[in-house]
């Protein structure tokens with residue numbers, strides 16, 4: 001910085017800037033202070049955040065429960081191809097609920113899981129419509145139906161409904177207003193909700209001596 005602060009009589013000042021070999025104390029301080037701020041705070045922070053994100057991803061992928069097989073990815077791609085046969089990578093927002101109904105395996109996102117779906121309950125309680133045994137209505141054993149409904153884990157269903165609502169809204173918010181929901185965003189958001197465990201993620205813990 002001192003080399004840029006050269007002033008008379010250590011230099012010759014000309015009529016124009018290009019005819020002078022003198023420096024400028026104001027511009028020298030502004031240049032080097034700005035560079036220090038950019039390099040020491042902004043660039044270093046960006047570099048650290050990049051390392052943090054990469055390490056967090058590797059940390060999540062190191063657990064046994066976070067592994068996704070090729071078959072799971074293949075199922076997701078097949079479900080997506082049903083609604084996007086041209087392979088554009090986008091589906092309209094109005095088709096997004098149908099995609100969730102097609103997902104299975106580790107990426108399945110439903111409120112009611114087996115054996116508490118409507119079809120599963122009705123299949124188990126279905127009887128002969130002409131049967132006179134017990135209470136029967138429309139070919140359904142009502143007593144068996146009541147027993148099955150009483151076994152539904154209400155609190156678990158409520159948690160799954162809350163998670164489903166958050167996931168659905170997040171996907172719609174990330175959607176492109178012209179093209180719709182993208183393949184990449186849905187897959188990444190699904191991975192966060194179904195694979196990544198926030199309690200095991202890399203976290204910053206504030207300690208009296210600093211950040212760990």
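Brief remarks on what is shown
- Test: residue in the range 39-49 that is at pLDDT below 90 and either within 21 Å of residue 189 (Cβ to Cβ) or surrounded by 13 or more Cβ atoms within 10 Å (Cβ to Cβ) (or both): yes
- Near pairs, Cβ below 9 angstrom, 6+ apart or cross-chain, from the range 84-109 (at positive phi) to any residue that is part of a loop (DSSP other than H, G, I, E, B): 89/179; 105/69
- Checking each residue in the range 90-127 for being closer than 22 Å to residue 188 by Cβ and touching a strand residue (DSSP E or B) at 6+ places or on another chain (Cβ under 6 Å) picks out 90, 91, 92, 93, 96.
- The residue of the range 71-87 that is surrounded by the fewest Cβ atoms within 10 Å (Cβ to Cβ), among those that are closer than 18 Å to residue 188 by Cβ and out of contact with any strand residue (DSSP E or B) (no Cβ under 6 Å at 6 or more places or on another chain), is 74.
- Extreme residue, farthest from the chain's Cα centre (by Cα), among residues of the range 88-133 that are assigned to a helix (DSSP H, G or I) and loosely packed, with under 11 Cβ neighbours inside 10 Å: 123
The values are calculated or read from the model by the stated rules, or taken from the named source; none is laboratory data. None of the values given here were measured: they were computed from a predicted structure. When we count neighbours, we look across all protein chains shown, and the Cβ atoms used for this are built from the backbone with ideal geometry, even at glycine.
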